[in-house]
1. Spot the failing condition for residue 204; the list is (1) within 23 Å of the chain's Cα centre (by Cα); (2) over 26 Å from residue 23 (Cβ atoms), and only one is missed.
2. Can you go through 257, 173 and tell me which one is in a strand (DSSP E or B) and either farther than 30 Å from residue 17 by Cβ or open to solvent by less than 10 Å² (accessible area, probe 1.4 Å) (or both)?
3. Go through 52, 62, 25 for me and flag whichever is over 23 Å from residue 249 (Cα atoms) and more than 9 Å from the ligand (Cβ to nearest atom).
4. Which condition breaks for residue 223 when tested against (1) within 16 Å of the ligand (Cβ to nearest atom); (2) not in a helix (DSSP H, G or I)?
5. Would you check if residue 218 is outside the structural domain of residue 39 (by TED's automatic domain parsing), over 22 Å from the mean Cα position of the chain (by Cα) and among the hydroxyl-bearing types (Ser, Thr, Tyr)?
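The values are calculated or read from the model by the stated rules, or taken from the named source; none is laboratory data. What you see is a predicted model; the values in this text were computed from it and never measured. So basically every Cβ, Gly included, is an ideal-geometry build from the backbone, and we count neighbours across all protein chains shown. Accessible surface areas use protein heavy atoms only, side chains included; no ligands, DNA or RNA. Shrake-Rupley method; radii C 1.70, N 1.55, O 1.52, S 1.80 Å.
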Amino acid sequence: MTRLTEDAVKDIPSKISSLDHELEKRLGMDMRNFACHAMNVAAEKINFSDYKAAIVPVTSGKGIIGGFSRSVAAAVETMGLRSFVTEACDVAGISEAFSSDADIIFMADDERFIALNTKTRSFSDNIWSTAKGYVTALRIAEKGLEGKKVLVIGAGRVGTEAVKILMKEGAAVEVTDILPHKAKALESGFAGVKAIPNVEQAIKDNRLILNASPGLISGKLIREGAVISSPGVPYAFDDEGEKRAKVIIHDVLSLGVAVMTVASISLSLFNVPATEVIAEKVIP
Ligand code: PYL
């Protein structure tokens, strides 16, 4: 997973409402309604302001990303929850969150980013939530994916979850990666998935694209009218690509956080190993 930079997140708090309007313009739903749609939960069934979210900065590994916690807090507030970034980091921050009676605790180290629901003891995971969010965005933009060919670029953790979710949506999934063996592994792991070794050819041959790779994509490869959903960080497309595509849905963090938020509110406990992703069954 590409590690975000301070530069990539620093403007999110000040831009969050325009990001929300941008999403509404492109997909006809604001972040809160989009996330509920993605999680198949009726938005009116959740009283978002009843929930208090704590975001705990975590210093492990490569350490804190300046602005990351504030950006998560801004996205969560846009969903209508109350939120605060704990003064303390790490374990002290978690205890501060608990003593402030937080309902949901967001915390991210270099490997995992989760939203832990302190009341239901369930948690949601950013990798799965990001994949779910961007597949949902592609489905809305394309008005349905059933039986349609979709190319996933990048066989990393988000791309792998996106392949699984797209299969469940009945799409005909192709996957490509600059490391062909990673795409091949998904082809052998999931019946019906097709690995395409030549990345450039794969992009040229596909109108529906979910880009979960950190690489830049030359606009010359993009088909006229392509519908692209792109969680990949950094942003992959040049002017030519933006001209040719019908729509490119991308944001750095908030769309995945929005889905995580609804998932952590609407999930009950699953006894799954931490490496599994959850949120296939939702409590109505
Ligand atoms: C969750 C993001 C989405 C893309 N890459 C993931 C990433 O950058 N993970 C690392 C997050 C580290 C946060 C740091 C802090 O500021 O608390 N531990």
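1. Here residue 204 clears every test but (1).
2. One residue alone meets the criteria, 173.
3. 52
4. Result: residue 223 fails condition (1) only.
5. yes
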